[in-house]
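A quick write-up on the structure given underneath.
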Amino acid sequence: MRVVVDLNRCQGYAQCCYAAPDHFELRGHEILFYDPAPPEAKRSQIERAQQACPVRAIAVEPADLAAGDEP
Amino acid sequence: MTEVQRPGIVVVGASLAGLRGAEALRDRGYDGPLTLVGDEPHRPYDRPPLSKHVLAGELPADATALPQLTRLRAQWRLGRPAAALDRERRVLHLADGATLPYEKLLIATGARARTWPGDGADLAGIFTIRTRDDARDLRAALAKTPGRVLVIGAGLIGCEAASCCRDLGLAVTLVDPNPTPLARLLGTAIGATLAERMRGAGVDFRPKTMVRALSGEAGQVRRAHFAGGEVLETDLVIVALGATRDTGWLAAAGLAADAGGLTCDGACRAISIAGEPDSDIYAAGDVARWPNPLYGDRPMTVEHWGNAVDQARHAAANMMAAPSAQQPYRHLPAFWSSQFGLNIKLAGHTAGADALALVQGSRASHRFLAVYGKAGRSIAAVSFDEARWLPAYAEAVAAGARFPPFPDAIDQPRVERLEPGFPAARPPAHRAAPALEASHV
C-alpha cells in the first residue's frame with residue numbers, strides 16, 4: 001500500500017509511532033521516518049496511525065482505489 | 001483503450017503536482033477524458049525521501065510511489081516527454097512523435113537538476129539527485145564505499161546528501177561559495193549553526209569555495225580543482241546546484257517561459273508572450289511563476305512540496321470555474337529538511353530580510369525558533385527542532401504581522417536580535433525579469 005506524510009504539517013506528536021511502530025519511527029527530537037510502502041496486510045494498523053494523527057498529516061491510498069487506474 | 005469523444009484535459013507532468021491536480025479535477029466533478037503525460041517511466045513518486053532515506057539505504061528507490069487519493073480514470077502516457085506545444089491547433093507533441101489534442105492543459109513539468117557546468121562533466125562518478133533513477137544510481141555508488149565524497153553546493157539537497165554520507169561513515173567534503181550552508185535560504189546567522197552542527201558530525205565544510213574543474217583517470221572522476229588552486233582527491237561527486245524549470249518544450253508555444261519558469265497570472269493561467277493569459281492553459285508546482293499576493297504580487301516560483309500540492313489543487317479548481325470566478329492563488333512557502341539529526345522547517349520567504357530575532361531557544365542548543373523581518377514586518381520563521389512553535393508564527397507571517405510578531409511570547413529575558421546575513425543577490429542569469437525564487441539551492 002502507498003503512504004505519504006505531509007511533513008510540513010507533522011509536529012512530531014508520534015501517535016503514528018504507537019499505532020504502527022513497525023512503520024513509523026521518531027528520530028531525534030522530531031524527525032519522522034516512515035515506511036511509504038507498507039504491506040497491505042498491515043492496512044488496519046496504518047489506518048489507525050492515520051486516524052491517530054492530531055494534525056491529519058498522513059495520507060493513505062484506499063484499498064483497490066487505483067485498480068484499473070494503473071499506467 | 002476506449003475511443004474518446006473529445007480530447008478533454010491533458011496534465012503534462014506526472015509527479016506530485018500533476019497527480020494532485022488530476023485528482024482535484026475529478027474531485028470537483030470533471031467527468032471527461034483525462035490524460036497524464038510524464039517524462040519518467042514511473043508512476044508519480046515522492047521526491048523528498050530520495051536525498052535522505054534512499055541515499056542512506058533505508059528505503060529502496062522504488063518504494064516512494066505516491067498514494068493516489070481519488071479514482072482518476074486516466075490515460076497514462078509515461079516515459080514520453082512532452083516535446084512541443086501548438087496552441088493554435090491545440091495539440092501537444094510528445095517526444096516519440098505522438099500527438100495529443102487537448103481542450104485544457106495543466107502544465108506541471110517541474111524542474112531538472114542542474115548538471116555540472118564545468119570541465120570534466122562527462123566523467124563517471126558525478127551524480128545529481130532529482131529523480132528516482134538518480135537516487136538509485138547514487139545509492140549504488142555510495143554502497144561501494146568511495147574514498148571521499150565531494151558535494152558541490154550547500155543548499156538543502158547538498159546538505160542532506162552530506163548528512164547521509166556521514167551516516168554511512170563516508171568521508172565527505174562540502175563546498176559552497178557562501179560563508180555558511182543554506183546561506184541564501186536562511187542567511188548566515190542561522191547557517192552558522194548548521195555549519196557547526198555538520199562539522200561536529202565530521203563534514204569537511206569549505207565555505208567561500210568554488211570548484212573550477214573536475215578531472216579523472218580512465219574516465220572516472222579522481223580530483224576536484226578549486227578556484228583557489230587547491231586540489232582535492234575524490235572519487236564520487238554529488239552536484240547539488242539547484243534546478244532549472246522544465247520549459248524547453250514550450251520554446252515555440254508563444255508563452256512567457258524560460259529556464260526560470262512559465263509565467264502565469266494570479267489565477268495560475270499561463271501568460272502568452274503578448275502578455276495575455278491563455279484561458280485554457282494552467283500551470284502549477286515548481287514550473288509555475290505567478291504573482292503571489294502575499295508578497296506584493298511579485299512573480300515567484302516556489303520549488304517545494306507543499307506548493308506542488310496546493311497550487312495544483314488551486315489551478316484545478318480554477319480550471320473547473322467560470323472565467324468570471326477565477327480565484328487568485330495565495331501561498332505561504334514552506335519546507336522541511338532533516339539532516340544531521342535536526343528537523344529544520346521554514347514558513348515564509350526570507351528574500352530581502354533586514355532583521356532576525358531569536359524568539360525561542362538558543363543557537364547554542366541547536367534548538368530554536370527565529371523570525372525574519374523586513375521593513376518592520378515578519379516575513380518568515382525558521383525552526384530547528386522546535387516545529388510546534390512554527391504554525392503560530394506562520395500564521396502571523398501570512399497575516400503580515402509586525403516584527404517580531406509576539407514580543408512577549410519568549411522563553412528568555414529578551415528577544416535576541418541578530419543580523420540575518422544574506423549573501424548579495426546573484427545576477428539573474430537565466431531570466432529577463434527578476435523574480436523571487438524559493439528553491440532548494
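Data table
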quantity: Sites residue B:143 and residue B:217, calculated FRET efficiency, Cβ-Cβ separation with R0 22 Å, nearest 0.05; calculated: 0.50
quantity: FRET efficiency estimate (nearest 0.05) - Cβ-Cβ, residue B:259 to residue B:419, R0 35 angstrom; calculated: 0.60
quantity: Range of Cα positions in region B:341-418 per principal axis (Å), largest first; calculated: 31, 25, 20
quantity: Total charge dipole magnitude, region B:36-192, about the Cα centre, Cβ charges on Lys, Arg, Asp, Glu only, Debye to nearest 20; calculated: 440
quantity: Signed unit charges on C-beta, dipole axis of the protein assembly as shown, positive-most listed residue B:324, B:284, B:164; calculated: B:324
quantity: Under-5 Å amide H pairs with residue B:127, H placed in peptide plane, nonlocal only; calculated: B:237, B:238, B:239
quantity: Integer Hz, Karplus 6.51/-1.76/1.60 couplings in order for region B:173-178, x for Gly and Pro; calculated: 10, 10, 10, 7, x, 8
quantity: The protein assembly as shown - share of DSSP beta bridges that are antiparallel (%, nearest 5); calculated: 65
quantity: Dipole in debye (nearest 20) - region B:115-241, about Cα centre, beta carbon charges: Lys, Arg +1; Asp, Glu -1; calculated: 240
quantity: Sites residue B:98 and residue A:42, calculated FRET efficiency, Cβ-Cβ separation with R0 41 Å, nearest 0.05; calculated: 0.55
quantity: Rounded to whole Hz, the Karplus (6.51, -1.76, 1.60) HN-Hα couplings of region B:284-295, x for glycine and proline; calculated: 7, x, 3, 7, 8, 10, 9, x, 8, x, 5, 10
quantity: Overall Cα dimensions of region B:115-241 - principal axes, largest extent first, Å; calculated: 43, 30, 24
quantity: The protein assembly as shown: C-alpha gyration tensor shape, a/c 1.5 cut-off, then a/b vs b/c; calculated: rounded
quantity: q = 0.12 Å⁻¹: log10 I(q)/I(0) that the Debye formula gives for chain B, counting C-alpha atoms only; calculated: -1.04
quantity: For B:52, B:144, order by how many other beta-carbon atoms lie within 10 Å, fewest first; calculated: B:144, B:52
quantity: Fewest-first sequence of B:115, B:244 by Cβ atoms within 10 Å of each Cβ; calculated: B:115, B:244
quantity: Residue exposure sequence - A:1, B:210, B:319 - by fewest surrounding Cβ within 10 Å; calculated: B:210, A:1, B:319
quantity: Chain A, Rg to Rh (Cα coordinates; Rh as Kirkwood inverse mean 1/r); calculated: 0.99
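Values in this text are rule-based calculations from the coordinates and carry no lab data. Quantities reported herein were computed from a predicted structural model and do not represent experimental measurements. Cβ atoms come from the backbone with ideal geometry, glycine included; neighbour counts cover every protein chain shown.
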